[in-house]
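Chemist: After the structure tokens below, expect a handful of questions from me.
The values are calculated or read from the model by the stated rules, or taken from the named source; none is laboratory data. Keep in mind the model is a prediction, meaning the values are calculated, not measured. Here the Cβ positions follow ideal geometry from the backbone for every residue, glycine too, while neighbour counts run over all protein chains shown. These accessible areas exclude ligands, DNA and RNA; they are computed on the full protein's heavy atoms, side chains included. Shrake-Rupley method; radii C 1.70, N 1.55, O 1.52, S 1.80 Å.
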Amino acid sequence: MTDHQKTLLELNQYRNRFSHALKAAHICVFEVDLRGQLYTFFENAEDIFGVPGERILKEVERFRDLPPEKYKRGVSEYFTHPQDWDTVDKAFRSIYAGQPATYQARMKAGNTNYIWCKVDVTPVLEDGIPVRMVGTITDIDKLKLEMEQLEIRATVDAFTGLYSKKYTEELITKTLEEFSEKRHSLMILDLDDFKKLNDTYGHTAGDDVIKAVAVQLKGSVRANDIVGRLGGDEFGVFIKDIHKASELMEIAERLLKTEGLPFQVTKSIGISVYPRDGYRFRTLYEKADQALYRAKKRKNTYIVYKY
């Protein structure tokens with residue numbers, strides 16, 4: 001075997017190892033001639049997009065003779081979801097400034113389906129000028145879906161579909177910070193004699209009531225108000241931007257209604273008002289809870305906190 005043949009064999013072995021490594025990591029590698037506006041290399045594209053790199057190179061070649069802005073638009077439409085174009089544009093600005101970039105975007109290759117990808121790109125400089133761009137594309141679609149599901153589980157009470165206790169507090173705190181000049185109200189609602197209902201009709205009946213009340217509460221306020229399950233049979237309702245006391249009373253009356261519930265049950269509500277009763281969620285909760293304690297002694301009513 002000649003030296004030339006040995007070199008070719010070694011190169012072929014290296015390419016095979018490189019290809020296997022990319023497939024194992026579910027990554028593809030690409031290269032772009034920035035001055036020529038031409039993609040020159042696309043390895044393992046079929047493992048990401050389901051089409052070979054040769055096809056991608058051929059399809060994007062038609063953009064090379066376009067003016068720079070039209071070239072960028074054409075490539076963006078070919079590869080990237082429209083909602084992620086700004087993210088890609090920011091990355092390209094980094095590349096042309098001689099800086100590497102990393103971003104996540106929904107990607108495709110022509111007419112293939114979008115998948116979430118992580119893209120790492122770095123410029124190749126000559127005399128300080130970016131002339132080429134080399135990058136990797138990693139399929140993170142499954143990971144992204146898992147993360148979204150985790151986020152949903154962290155923000156939503158799985159039993160009722162309302163916001164979870166933790167996320168309810170976070171949303172209210174954020175509202176108090178962003179709209180501190182407005183007047184808001186926190187209502188804590190609790191079912192009267194809920195334990196007795198469970199003991200009499202069973203926990204399945206209690207579960208049905210909890211779910212029905214959750215639907216009723218959500219339908220009794222505006223879409224931008226906050227409704228969460230704080231635990232057990234206790235709910236929190238945060239009413240934003242109150243203009244007058246009568247508006248608050250009308251909402252409380254709606255929340256007390258029991259029509260459509262699977263069992264006869266009444267509710268009690270304690271109410272605190274921002275900023276009169278406090279500036280933080282915890283303070284407003286404590287005041288509303290004190291009012292709720294008084295309301296539950298009477299049952300089927302609401303009481304606004306008073307000093």
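Chemist: Using +1 on the beta carbon of Lys and Arg, -1 on that of Asp and Glu, and nothing else charged, what's the dipole of segment 75-171 about the Cα centre, debye to 20?
Modeler: 120
Chemist: Would you list the P(r) distribution for segment 63-178, with all Cα-Cα distances sorted into 5 Å bins from 0 and each bin expressed as a whole %?
Modeler: Distribution as computed: 2, 10, 13, 16, 14, 11, 10, 9, 7, 4, 2, 0, 0 percent.
Chemist: With every protein chain present, what accessible area does K257 have (1.4 Å probe, heavy atoms only), rounded to the nearest 10 Å²?
Modeler: Rounded to the nearest 10, that gives 110 Å².
Chemist: How many angstrom separate the Cα center of segment 177-249 from the Cα center of segment 60-133?
Modeler: If we compute the Cα centre of each part, the gap is 48 Å.
Chemist: Name the residue farthest towards the positive end of the dipole of segment 117-268 from the options A245, I129, V119, assuming +1 on Cβ of Lys and Arg, -1 on Cβ of Asp and Glu, about the Cα centre.
Modeler: A245
Chemist: Hey, what's the Cα Rg ratio for segment 178-291 versus the globular rule of thumb, 2.2 N^0.38 Å?
Modeler: That ratio works out to 1.09.
Chemist: Solvent-accessible area of F30, probe 1.4 Å, all protein chains present, reported in Å² to the nearest ten, please.
Modeler: 10
Chemist: Additional query: About the Cα centre of the chain, what is the dipole size in debye to 20, counting +1 per Lys and Arg Cβ and -1 per Asp and Glu Cβ, all else neutral?
Modeler: Computed about the Cα centre, the dipole is about 1100 debye.
Chemist: Over 23 Å, how big is the tail of the calculated P(r) for the chain, in percent of all Cα pairs?
Modeler: 68
Chemist: Enter the angle in degrees (range 0 to 90, nearest 10) between the Cα long axis of helix 203-219 and the first principal axis of the Cα atoms of the chain, meaning the one along which they spread out most.
Modeler: 80
Chemist: Another one. Using Cα atoms only, what is the angle between the long axis of helix 245-256 and the major principal axis of the chain, expressed in degrees (0 to 90) to the nearest 10?
Modeler: Once rounded, the angle reads 90 degrees.
Chemist: Now, a different point. Note the angle between two axes, namely the Cα long axis of helix 85-96 and the longest principal axis of the Cα atoms of the chain, as a number of degrees from 0 to 90, rounded to the nearest 10.
Modeler: 40
Chemist: Next question. What accessible area, in Å² to the nearest ten, does a 1.4 Å probe give for E151?
Modeler: 110
Chemist: Follow-up. Test of understanding: what is the full-extension gain from W85 to E151, defined as 0.36 nm times their sequence separation minus their Cα-Cα distance?
Modeler: 21.3 nm
Chemist: Can you give the calculated 222 nm mean residue ellipticity of the chain, where each DSSP H run of n ≥ 4 adds -39,500 (n - 2.57) and the sum is split over every residue, rounded to the nearest 500 deg cm²/dmol?
Modeler: -15000 deg cm²/dmol
Chemist: Taking just the alpha-carbon atoms of segment 59-99, what radius of gyration and Dmax come out, in angstrom?
Modeler: In order Rg, Dmax, the Cα atoms of segment 59-99 give 10.5, 28 Å.
Chemist: Do you know the relative contact order of segment 139-220, to the nearest whole percent, from alpha carbon pairs under 8 angstrom that are 6+ apart?
Modeler: 26
Chemist: Right, next: Calculate, in nm to one decimal, what A223 and R64 gain on full extension: separation in residues at 0.36 nm each, minus their alpha carbon distance.
Modeler: 52.4 nm
Chemist: Continuing with this model, one more query. Specify which residue in the list T102, F179, W85 is farthest towards the positive end of the charge dipole of the chain, using unit charges on the beta carbon of Lys, Arg (+1) and Asp, Glu (-1), about the Cα centre.
Modeler: Among T102, F179, W85, the one farthest towards the positive end of the dipole of the chain is F179.
Chemist: What is segment 68-182's relative contact order, in percent, from Cα pairs under 8 angstrom and six or more apart in sequence?
Modeler: 15
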